[in-house]
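Here the structure comes first, spelled out in structure tokens, and everything after it is commentary.
Each value in this text was obtained by applying a stated rule to the coordinates, not by laboratory testing. Because the structure is predicted, anything quoted here is derived from the model rather than measured. Note that each Cβ is placed from the backbone with ideal geometry, even for glycine, and that neighbours are counted across all protein chains shown.
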Amino acid sequence: MAQIIKIDSQPDCIMEEINQKSPRKYVRVIADNFLLFDANKQCPVPVIKPLIIVYTDGRQFEIDAVSEPVKCASMKSGGSGLRYSCRINKTLLYLYLEDNTWFIERI
């Protein structure tokens with residue numbers, strides 16, 4: 001298994017790569033999947049909580065904090081899906097899940 005790199009060692013590298021090419025960067029995500037049982041609903045609701053962002057070159061960034069997903073469109077790069085606001089160290093970014101594909105976009 002690849003080593004998890006904390007973003008503090010390279011604070012701006014996650015954003016530099018997005019700014020160099022386009023506002024959208026496709027990534028893999030290690031996430032926790034579980035069912036949330038709500039007293040008001042008959043069925044459990046599936047929940048996806050992103051934990052780690054994995055670049056195509058294998059670098060991994062642990063997500064320190066993540067918001068609840070919001071259905072919305074990506075204004076900078078187009079497309080729509082579930083948007084998570086994530087914090088990696090002191091860097092804020094949007095992580096989108098669109099048609100089973102993850103991408104990040106700078107805020």
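Taking K and R as +1 and D and E as -1, what net charge do the other residues with C-beta under 12 Å from the C-beta of residue 71 add up to? Working shown, then result.
Values: positive: 83; negative: 68, 98.
Result for the neighbourhood of residue 71: -1.
Can you tell me how much longer the chain between residue 57 and residue 32 gets when fully stretched, taken as 0.36 nm per residue apart minus their C-alpha distance, in nm with one decimal? Provide the component values of the computation, followed by the final result.
Values: separation 25, 0.36 × 25 = 9.00 nm, distance 2.22 nm.
Additional length available on full extension: 6.8 nm.
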Nitroxide proxy distance, nm - points 7 Å out along Cα→Cβ at residue 71 and residue 39 | 2.6 nm
Could you put 99, 38, 64 in order, starting from the residue whose Cβ has the fewest other Cβ atoms within 10 Å?
-> 99, 38, 64
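On full extension of the chain, what length is gained from residue 64 through residue 87, given 0.36 nm per residue of separation minus the C-alpha to C-alpha distance?
Length difference between fully extended and current span is 7.7 nm.
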